[in-house]
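Asks: Take this structure, written in structure tokens, and hold onto it; I'll ask about it next.
Read-outs throughout are calculated quantities, based only on the coordinates presented, and are distinct from any laboratory measurement. Predicted model, so just to flag it, every value in this text is computed and none were measured. Glycine gets a Cβ as well: all are built from the backbone with ideal geometry, and neighbour counts include every protein chain shown.
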Amino acid sequence: MSCWNGQKKISAVSCMLFTVLVILTAPSSFILKLLRKRDLPEEKYANAFLGSGPETSSFFVEFTYNYGVTSYDIETGFGHFAIATPDVYKFVEHVRPKGGTITREPGPVSGGSTVIAFVKDPDGYIFEILERASTPEPLCQVMLRVGDLERSIKFYEKALGLKLVKKVDDRPQYKYTLAMLGYAEEHETVVLELTYNYGVTGYTKGCLCSSRYCH
């Protein structure tokens, strides 16, 4: 995940995919557009960049195809990215026939009132749909699972200058706690969600790297 671009914006999330099947192309309230593509035969990979606005000012998703690789293990450390929309129910009905598997049907979050849903894409990556009346950044959140929440908060505060904008105290009934970090308030910008699940101190992290890039 690239999360520092010199302008204090969480700017990108990178996913390894062998098929770039865009299933988020056109509810009237939200559009992911193909911003650019590149093919690097000498490095044996290709990229596609999708977002709701220019890369310089908006959060975007980078899809990577490594030549000859047709599938990946979905490791446990990466949780999901999230998309905000005014109508989760409508959004889900748009995604369903386009290849998305609804892993959680729309409804209020446990212990709260915010309507959410979860969708799995054709390669097995999960994204969350969050209901918000309006948002300046539809691609609004990236969730990582961590083994030590306080250590991770301190790292991202000190290393990247992120600020703790929200912390959900221990929820023993759900066996997790989480923190949101960003460069502005949660409703104003993309945030990093760090989730600690009780008793889990480590996760697998997958990456296919070359000597020059992690792609």
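Asks: Could you tally the net charge around residue 63, taking each other residue with its Cβ under 14 Å from the Cβ of residue 63, Lys/Arg +1 and Asp/Glu -1?
Replies: -1
Asks: How much net charge surrounds residue 151 when only other residues with a Cβ under 13 Å from its Cβ are counted (Lys, Arg +1; Asp, Glu -1)?
Replies: Numbers: positive: 154, 158; negative: 148, 150, 157.
Combined, the nearby Lys, Arg, Asp and Glu give -1.
Asks: Then there's this: How much of the DSSP bridge set in segment 83-215 is antiparallel, in percent, rounded to the nearest 5?
Replies: Numbers: 24 of 32 bridges.
Close to 75 percent.
Asks: Please compute the modelled spin-label separation between residue 110 and residue 39, points set 7 Å along Cα→Cβ, answer in nm with one decimal.
Replies: For the pair residue 39/residue 110, the computed spacing is 4.6 nm.
Asks: What net charge do the residues around residue 197 carry, taking every other residue with its C-beta under 10 Å from that of residue 197, with Lys and Arg at +1 and Asp and Glu at -1? Let's see the in-between values first.
Replies: Numbers: positive: 145, 175; negative: none.
Here the charged neighbours net out to +2.
Asks: Separate question: Which of 33/154; 37/175; 154/175; 98/175; 98/154 have a Cα-Cα distance over 31 Å?
Replies: Values: 33/154 35 Å; 37/175 41 Å; 154/175 22 Å; 98/175 34 Å; 98/154 40 Å.
Among 33/154; 37/175; 154/175; 98/175; 98/154, the Cα-Cα distance tops 31 Å for 33/154; 37/175; 98/175; 98/154.
Asks: What spacing in nm lies between the two simple spin-label points modelled at residue 90 and residue 166, each 7 Å away from Cα in the Cβ direction?
Replies: 2.2 nm
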